[in-house]
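Each remark here refers to the structure printed beneath this line.
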Amino acid sequence: MTATLNDTRMKKALRQQQNEINDYTIYSILAHRQHHEKNTKIFERIAEEEKQHYEFWFKITQKEIQAQHWFVMWYLFLVKIFGTSFSLKYLERKEEKAEEFYKELFDIYPESKHIYQQELTHEIELVDMLHDNKLLYAGAIVLGMNDALVELTGTLSGIALAFDKTLIVGITGLIMGIAASLSMAGSAYLESKENPNDDISPATYSLYTGGAYILTTAMLVMPFFLINTMALALLVMFVFAFVAILLYTFYISVAKDVPFWIRVAQMSAITFGVAIISFGIGYGVKYFFGIEI
């Protein structure tokens, strides 16, 4: 490699070299932490590719770079909390701009074409092959969270017009939510037992389902305990529901490569559609029965 880069491209090269050594360190650590042999081999393979990419940039920059400790620890934390599929696909997303930089170097460094292809498809394909327990239980979280969003927003919207006190709405919603979460957890346990999967524990599956339901319930009823004005409490509840939809959809869109905004639109339409219908039912109950509590 005899060609030299201008200052702008050299800065980009150093930045990419830093990314590669960070990624190499992350994948190397993960390879040593795996209990599944398949995962170990995949991580070792990706780590080796990242090391080759680092060496490519070193030949250009002629500078040794160490991994950023804080960056490595942050992604290892994400893997621990959110699982490998989400965390590593999110890690690879940051390399989209790097892929464009590789294109700029095709004529100068032909070797960059091979690395570009690896960055573009190969590493994501390898991550898709990983055994990820947290992603396996994503279905349980979907079940609990979706049901809580639809049922609780609908229930709270309906009884908000039947009752005049936000505290009563909050207490009623909390009681119903706790009861429903226990029911959902039990149903999830039975469903998992009837459809056995060696990688999924029925007890853990039910805990994920019930836990997702009760956490969503707590978030939705909170405004009614903190706010005395019914209209404002309802508005805050809808904002919380939409934030929950955004956060969950972001996780799934990254981990499972599904369209983000399409999924947001679908979940929002179902959740808020049910809420509007329930709101109308609550208005009818209050009008015809004259409930004032």
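Looking for something at pLDDT 70 or above, among the hydrophobic types (A, V, I, L, M, F, W, C) and surrounded by fewer than 21 Cβ atoms within 10 Å (Cβ to Cβ) - is there at least one such residue anywhere in the stretch 102-114?
Checked against the condition, which is being at pLDDT 70 or above, among the hydrophobic types (A, V, I, L, M, F, W, C) and surrounded by fewer than 21 Cβ atoms within 10 Å (Cβ to Cβ), the stretch 102-114 yields at least one hit.
Under 9 Å by Cβ, and 6 or more places apart or on different chains, what pairs join a residue from the stretch 268-284 that is within 19 Å of ALA231 (Cβ to Cβ) and not assigned by TED's automatic domain parsing to the domain that holds ALA231 with one that is crowded, with 17+ Cβ neighbours inside 10 Å and at pLDDT 75 or above?
So the pair list comes out empty.
Inspect all residues belonging to the stretch 71-94 and state whether any of them is exposed (fewer than 15 other Cβ atoms within 10 Å of the Cβ), part of a loop (DSSP other than H, G, I, E, B), of a type outside the set (A, V, I, L, M, F, W, C) and not assigned by TED's automatic domain parsing to the domain that holds LEU247.
So far as the stretch 71-94 goes, yes, one or more of its residues are exposed (fewer than 15 other Cβ atoms within 10 Å of the Cβ), part of a loop (DSSP other than H, G, I, E, B), of a type outside the set (A, V, I, L, M, F, W, C) and not assigned by TED's automatic domain parsing to the domain that holds LEU247.
Would you pick out the residues in the stretch 232-258 that are in contact with a helix residue (DSSP H, G or I) (Cβ under 7 Å, 6 or more places away or on another chain) and either without any contact (Cβ under 8 Å) to a residue 40 or more places away in the chain or not assigned by TED's automatic domain parsing to the domain that holds MET222 (or both)?
Of everything in the stretch 232-258, those that are in contact with a helix residue (DSSP H, G or I) (Cβ under 7 Å, 6 or more places away or on another chain) and either without any contact (Cβ under 8 Å) to a residue 40 or more places away in the chain or not assigned by TED's automatic domain parsing to the domain that holds MET222 (or both) turn out to be VAL236, PHE240, PHE242, LEU246, THR249, PHE250, SER253, VAL258.
Select from the stretch 188-209 the residues that are part of a helix (DSSP H, G or I) and of a type in the set (Gly, Ala, Ser) and list them in ascending order.
Correct list: ALA188, SER192, ALA203, SER206.
Among the candidates ASN133, ASN146, which residue alone is surrounded by 14 or more Cβ atoms within 10 Å (Cβ to Cβ), within 24 Å of THR204 (Cα to Cα), within 19 Å of the chain's Cα centre (by Cα) and modelled with pLDDT under 75?
After ruling out the rest, the residue left standing is ASN133.
Using beta carbons and a limit of 8 Å, which pairs, at least six apart or on different chains, have the first residue in the stretch 13-34 and within 21 Å of TYR109 (Cβ to Cβ) and in the same structural domain as GLU64 (by TED's automatic domain parsing) and the second one hydrophobic (A, V, I, L, M, F, W, C) and not in a helix (DSSP H, G or I)?
ALA13/LEU5; LEU14/ILE65; GLN17/ILE65; GLN18/ILE65; ILE21/ILE65; ILE21/ALA67; TYR24/ALA67
Test each condition in (1) among the aliphatic types (A, V, I, L, M); (2) more than 15 Å from VAL150 (Cα to Cα); (3) at pLDDT 90 or above for ILE252 and report the one that comes out false.
With respect to (1) among the aliphatic types (A, V, I, L, M); (2) more than 15 Å from VAL150 (Cα to Cα); (3) at pLDDT 90 or above, ILE252 is out only on (3).
Can you give me the number of residues within the stretch 194-217 that are of a type in the set (S, T, N, Q) and out of contact with any helix residue (DSSP H, G or I) (no Cβ under 7 Å at 6 or more places or on another chain)?
Residues flagged as of a type in the set (S, T, N, Q) and out of contact with any helix residue (DSSP H, G or I) (no Cβ under 7 Å at 6 or more places or on another chain) within the stretch 194-217 amount to 4.
Can you confirm whether the stretch 36-45 contains a residue that is part of a loop (DSSP other than H, G, I, E, B) and either not aliphatic (A, V, I, L, M) or not assigned by TED's automatic domain parsing to the domain that holds VAL258 (or both)?
Yes, that holds for at least one residue.
The values are calculated or read from the model by the stated rules, or taken from the named source; none is laboratory data. If you're wondering where the values come from, they're calculated on a predicted model, not measured in any experiment. Heads up, the Cβs are rebuilt from the backbone with ideal geometry, glycines too, and the neighbour counts pull from every protein chain shown.
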